[in-house]
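**Q** Encoded as structure tokens, here's the structure I'll be asking about.
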Amino acid sequence: MTTRIPVTIEGNLTGDPEHGAGESGNEYARFTVAVNDRRLNESTGRWEDAGTVFHRVVVFNQQARNLAESLRKGDNVIVAGDLRFGTYTDKETGQTRETRDIVADNVGASMRFARVQIERTPKAEGPAATGPSVAPASYASAGISR
């Protein structure tokens with residue numbers, strides 16, 4: 001049984017995303033995000049690292065392809081998705097182990113410390129839309145001006 005919890009994290013990629021396809025042909029990208037907890041030291045007035053948490057993330061389909069082509073190790077990202085907990089049996093020891101992964105609904109480059117140039121990809125691949133064409137209405141005869 002798995003438990004799903006919605007989460008949003010911001011952090012840095014610890015390596016280039018791993019891109020591939022499953023047995024069913026669905027594309028995926030896997031990567032790890034390091035989230036650093038920073039705190040203000042009241043006595044020194046300086047920010048200090050208070051620990052790092054590593055999150056394994058997976059994203060599917062077109063977003064997986066876009067992510068693998070766009071992001072690299074060290075890039076700052078924002079991830080929104082479901083935190084999923086699961087269990088599996090270790091093949092070597094036979095012990096039950098727990099997993100914690102984020103199945104991402106959306107991944108984007110953070111623009112806090114970088115600029116991003118958007119290149120749009122088609123939403124769907126398929127035949128071009130066909131059907132009747134409609135001309136815009138004319139406002140001249142109705143006495144309407146912009």
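**Q** Please work out which residue is surrounded by the most Cβ atoms within 10 Å (Cβ to Cβ), limiting yourself to segment 34-73 and to residues that are among the polar types (S, T, N, Q) and closer than 28 Å to Pro122 by Cβ.
**A** If we take residues in segment 34-73 being among the polar types (S, T, N, Q) and closer than 28 Å to Pro122 by Cβ, then Gln63 is surrounded by the most Cβ atoms within 10 Å (Cβ to Cβ).
**Q** Just one of the numbered conditions (1) exposed (fewer than 15 other Cβ atoms within 10 Å of the Cβ); (2) under 17 Å from Ile9 (Cα atoms) is not true of Phe31; which one?
**A** (1)
**Q** In a strand (DSSP E or B), free of Cβ contacts under 8 Å to residues at least 12 places away in the same chain and either in contact with a helix residue (DSSP H, G or I) (Cβ under 7 Å, 6 or more places away or on another chain) or of a type in the set (A, V, I, L, M, F, W, C) (or both): does that describe Leu83?
**A** no
**Q** Please go through segment 29-59 and give me each residue that is hydroxyl-bearing (Ser, Thr, Tyr) and in a strand (DSSP E or B), ordered by number. Talk me through it step by step, then tell me what you get.
**A** Of segment 29-59, the ones hydroxyl-bearing (Ser, Thr, Tyr) are 32, 43-44, 52.
Scanning segment 29-59 gives Thr32, Thr52.
**Q** While we're here: Could you list, in sequence order, all residues of segment 97-131 that are more than 30 Å from Val59 (Cα to Cα) and at pLDDT below 60? Don't jump to the end; show me each part of the working.
**A** Residues of segment 97-131 more than 30 Å from Val59 (Cα to Cα): 130-131.
Within segment 97-131, Gly131 is the sole residue that qualifies.
The values are calculated or read from the model by the stated rules, or taken from the named source; none is laboratory data. Owing to the predicted nature of the structure, the values given are computational and were not obtained by experimental measurement. Positions of Cβ are generated from backbone atoms using ideal geometry, with glycine treated the same way; all protein chains shown enter the neighbour counts.
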